[in-house]
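Okay, structure first, notes after.
Quick note: the coordinates plus some simple rules give every number you see, no bench work behind them. As the structure is a computational prediction, the values presented were derived from the model and not from experiment. Reconstructed Cβ throughout: ideal geometry from the backbone, glycine too, with neighbour counts over all protein chains shown.
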Amino acid sequence: MLFNKNDRIGSYIVVFPHKQSSYAETYRVKDINGKTRFLKLINYSKLNHRQLDDNGRVIEVEISKQLNHPNLCKYIDSGIQIINGGQYAFLVTEYISGETLSQKIIRDHELSVYEIKQIAKSVLSALYYLHQQPIPIIHGEITIQNIFINLAGNLEDLKLIDFGHACFLNQPPAKPNLGELNAFYLAPERFAGVSQVQSDLYSVGVMMYQLLYGKLPWFIDMTRIKDSDKTDTILSERVKALDIPSIEKFELDNQLINCIIKSLSYDVEDRFQTADDFIKAIAGDIIIDRQSTKRKILSSDTTNSSTTSKTHLSKKGEGFAAIAGMNELKEQLREEVIEPLHNPEEYERYGVNIPNGMLLYGPPGCGKTFFAKHFAEEVGFNFMCVTPATLKSRYVNATQENIAKMFKEAEEKAPTIIFIDEMNELVPNRESDVHEMSRSAVNEMLAQMDRTGERGIFIIGATNYPHTIDPAILRAGRLDKKYFIGAPDKTARIALFKLYLEKRPYDFGIDYEELAKLTNNYVSADIQLIVNDAARNALKAHSKITMPLLITAIRDTRPSLNIEEIKRYEQIKAKMEGTISNKQDTERPRIGFKQK
């Protein structure tokens, strides 16, 4: 960044350097009256010809001067600055306190159908204004990163921001720079350099699809594809039918789904022709029938093999909603794992690696396998569950072949989560007393696990004995993340009792706080057993499940973990997290002279 806090840019004082892009820097500044503004500093030498008009003026600045709509930031000022011998344009707009839609999703995890509709209608309202200008303005980069939620208002007050790739409709075609844009938001004609009204409406459809289903339409992992092949790869993927997952969501109806499908049609003439029509369809004023998204020239050819290729549907389920408690772990996984998996292109732009896998470790009976299955549902990936028994073989090289086949199948069905239970049995420490065949299996796993994120594969290992796993498996680039799942705390135990009792006939006088106090150090499996025993006794008595029945079941059920085991796992956790070191490390001899 060229400027720091309290530096001056013309008559503006920098309050906070915001971020740097390929051609500009953005700052929060104060004007001469002390009002907070947003300033964008644009480097002329970094612009391409499409971003300048015939008079050498920055198109983004010229467009901003025309804007006067509640869903667009107001223009304040602009000018030219000479900095370090270079020419820069600066653009000042109103400052809005809030967050991007992408940040809101990370924080709130998902949006209701009502919220999705409100966001779409507000964005479309801004686009309708842009498209109705004397010379229509095409925004060109509608993504969840460029929609700004005003925290002082509601969703109707959101702002469509960043006109860095906007253009006037009368500008000549120019192919997009896929290194600067999210290709999955671009309409098919954009790859040929054509930008028009319907191109923006296509991007709104992508946004709605992502908000509804938690993934991008026709998404493929682009990290292993050459730049020269990316356009052809993306367009060939869109020949396939659009995946419409079956989900249960309040107020979700076929009308909204049909609106999204129509906006994502390959052919321009099959999409909404104006933003106003799109708004009316979302509101139900125009009835939309289900249609195909396929390109007409291809969809009419029923013998085309590419249109009948096998599609692997994502796993359905409740996701994290089915898991009681563990809120801190869920939040951590959303930020560190789920968000990168859902937005790999964005992370790639910033040079942030996509995680390859994670290890869930802790005492038995704490729900590691259960958690992994619902993690797959939360992410929306295909799910493969394997155990060492299904992979290991007594025949020479057979185990390695089974491992290779597993990864090949996962890559064919990508994106896929491979869950390996009892991970320590499959990849034991090679320095321990293990058979040579086990060492070969570890070597094969290491070879297959390298760069799995780029192949659309995410690995989850689960074990009760993480310290017996070969250290190479746990290094960066393999199982990047390690999460301890221990005995549930009081809050989690309350949630577990509620979860297990939820669909059973129980008495309304249940004291969950008391049940949690009585089950300290009980694991998830213990609590499930307690509820099952109480339910069985209630069935015999033809009564509801009562507090006395639950207390009796608790007294008859010993916790799976004793104090010694809990302490042992606390030591394992500390060692895995690096908060304690091995004995040999702590007793390392000093280097130097002995003191007398």
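What range in the chain is the longest one free of chymotrypsin sites (Phe, Trp or Tyr not before Pro) that are in a loop by DSSP and have at most 10 other Cβ atoms within 10 angstrom? Spell out each step's value before the answer.
Numbers: sites that count: Phe250, Tyr350, Tyr395, Phe508, Phe593.
Maximal segment without exposed cleavage sites: 1-249.
Assign unit charges at the C-beta atoms only (+1 for Lys and Arg, -1 for Asp and Glu), then state the dipole size of the stretch 448-501 relative to its Cα centre in Debye, rounded to the nearest 20.
Values: 9 positive and 5 negative charges, 42 e Å.
Using only the charged Cβ atoms, the result is roughly 200 debye.
In degrees between 0 and 90, to the nearest 10, how far off the longest principal axis of the chain does helix 197-213 point, with axes built from Cα atoms?
Taking Cα atoms only, the helix is inclined about 10 degrees.
Given R₀ = 56 Å, FRET efficiency for Lys46-Glu110 by Cβ-Cβ distance, to 0.05?
So, using R0 = 56 Å, E works out to roughly 0.90.
Hey, what's the Cα Rg ratio for the chain versus the globular rule of thumb, 2.2 N^0.38 Å? If you can, show how the numbers build up before the last one.
Details: Rg = 28.5 Å, N = 596, 2.2 N^0.38 = 24.9 Å.
Dividing the Cα radius of gyration by 2.2 N^0.38 Å gives 1.14.
Quick one: order Arg290, Arg57 by neighbouring beta-carbon count within 10 Å, fewest to most.
Working: Arg290 10, Arg57 13.
Exposure proxy ranking, most exposed first: Arg290, Arg57.
What is the antiparallel percent of DSSP beta bridges lying wholly in the chain, to the nearest 5?
On the way: 39 of 59 bridges.
Antiparallel: roughly 65 percent of the beta bridges in the chain.
Treat the stretch 1-42 as a sphere of radius equal to its Kirkwood radius over Cα pairs and apply Stokes-Einstein at 4 °C in a medium of 1.567 mPa s; give the translational diffusion coefficient in µm²/s, rounded to a whole number.
Details: Rh = 10.1 Å.
Here the translational diffusion coefficient equals 129 µm²/s.
Can you pick out the pairs among Lys30/Lys159; Lys19/Lys481; Lys19/Lys262; Lys121/Lys373; Lys503/Lys540; Lys249/Lys373 whose Cα atoms lie more than 24 Å from each other? Working shown, then result.
Numbers: Lys30/Lys159 20 Å; Lys19/Lys481 28 Å; Lys19/Lys262 36 Å; Lys121/Lys373 36 Å; Lys503/Lys540 18 Å; Lys249/Lys373 21 Å.
Pairs exceeding 24 Å: Lys19/Lys481; Lys19/Lys262; Lys121/Lys373.
So if each residue of separation counts as 0.36 nm, and I subtract the Cα-Cα distance between Ala322 and His435, what length gain in nm does that give?
Value of the extension gain: 36.6 nm.
Using each residue's phi in the stretch 171-181, evaluate 6.51 cos²θ - 1.76 cosθ + 1.60 at θ = phi - 60° and report the 3J(HN,Hα) Karplus result to the nearest Hz, with x for Gly and Pro.
Couplings: 6, x, x, 8, 5, x, 8, 5, x, 10, 10 Hz.
For the chain, the longest stretch holding no GluC sites (Glu not before Pro) located in a DSSP loop with at most 10 other Cβ atoms within 10 Å is which?
Working: sites that count: Glu248, Glu251, Glu431, Glu502, Glu577, Glu587.
The longest such stretch corresponds to 1-247.
Going by amide H atoms built from the backbone, whose H comes under 5 Å of the H on Leu216, apart from near neighbours?
none
Farthest toward the dipole's positive end in the chain, which of Leu212, Ser524, Asn429, given Cβ charges of +1 (Lys, Arg) and -1 (Asp, Glu) about the Cα centre?
Of the listed residues, the answer is Asn429.
Could you pull out every residue, at least 5 positions away or on a different chain, whose amide H is within less than 5 Å of the one on Phe458? Hs are placed 1.01 Å off N in the peptide plane, and Pro or chain starts have none.
Residues meeting the amide H criterion: Thr416, Ile417, Ile418.
Percent antiparallel among DSSP beta bridges with both residues in the stretch 16-142, to the nearest 5? It would help to have the intermediate numbers written out before the result.
On the way: 27 of 27 bridges.
Rounded to the nearest five, the antiparallel share is 100 percent.
Just grab the label-to-label distance for Leu235 and Asn4, each label 7 Å out from Cα along the Cβ direction, in nm (one decimal).
4.9 nm
In the stretch 59-79, which residues have a backbone nitrogen under 17 Å from the label point lying 7 Å from Glu156's Cα in the Cα-to-Cβ direction?
The answer is 69-72.
Using amide H atoms built in the peptide plane, which far-off residues or other-chain residues are under 5 Å from Leu158 H to H?
Here Asn150 satisfy the definition.
222 nm [θ] for the chain, helices only, -39500 (n - 2.57) per DSSP H run of 4+, per residue, to 500? Provide the component values of the computation, followed by the final result.
Numbers: 22 runs with 216 residues, N = 596.
Taking each H run of at least 4 residues, the total per residue is -10500 deg cm²/dmol.
Can you give the extra length, in nm with one decimal, that the chain gains between Gln332 and Asn170 once fully stretched, where that is 0.36 nm per residue apart less the Cα-Cα distance? Please report the intermediate quantities before stating the final value.
Numbers: separation 162, 0.36 × 162 = 58.32 nm, distance 4.72 nm.
That pair, Gln332 and Asn170, stretches by 53.6 nm at full extension.
Taking the 0 to 90 degree range and rounding to the nearest ten, how far is the long axis of helix 398-412 tilted relative to the main principal axis of the chain, both from C-alpha atoms?
30 degrees
How large is ³J(HN,Hα), in whole Hz, for each residue of the stretch 183-190 in order, when computed from phi with the Karplus curve 6.51 cos²θ - 1.76 cosθ + 1.60 and θ = phi - 60°, using x for Gly and Pro?
4, 6, 8, 7, 5, x, 5, 5
Let me know the charge dipole size of the chain about its Cα centre in debye, to the nearest 20, where only the beta-carbon of Lys, Arg (+1) and Asp, Glu (-1) is charged. Don't skip to the answer; put the middle values down first.
Details: 75 positive and 78 negative charges, 250 e Å.
Roughly 1200 debye for the chain.
With r defined as the distance between the Cβ atoms of Ala472 and Glu565 and R0 fixed at 30 Å, what FRET efficiency is calculated, to the nearest 0.05?
Values: r = 28 Å, r/R0 = 0.93.
Computed FRET efficiency for Ala472 and Glu565: 0.60.
Grab the other residues whose beta carbon is less than 15 angstrom from that of Asn6, score K and R as +1, D and E as -1, and report the net.
Spelling it out: positives minus negatives among the neighbours equals +2.
With angles folded into 0 to 90 degrees, how steeply does helix 490-501 sit against the dominant principal axis of the chain? Use alpha carbons for both and round to 10.
Taking Cα atoms only, the helix is inclined about 90 degrees.
What is the order of Lys249, Lys330, Lys40, fewest Cβ neighbours within 10 Å to most? Write out the running numbers ahead of the final one.
On the way: Lys249 14, Lys330 20, Lys40 23.
Ordered from fewest to most neighbouring Cβ atoms within 10 Å, Lys249, Lys330, Lys40 come out as Lys249, Lys330, Lys40.
Please compute the length gained on full extension between Asp489 and Lys30, using 0.36 nm multiplied by the number of residues separating them and subtracting their Cα-Cα distance.
Numbers: separation 459, 0.36 × 459 = 165.24 nm, distance 4.75 nm.
Full-extension gain reported as 160.5 nm.
Using a Förster distance of 45 Å, how high is the FRET efficiency between Glu180 and Ser292, based on the Cβ-Cβ distance and rounded to 0.05?
Numbers: r = 31 Å, r/R0 = 0.70.
That gives a FRET efficiency of 0.90.
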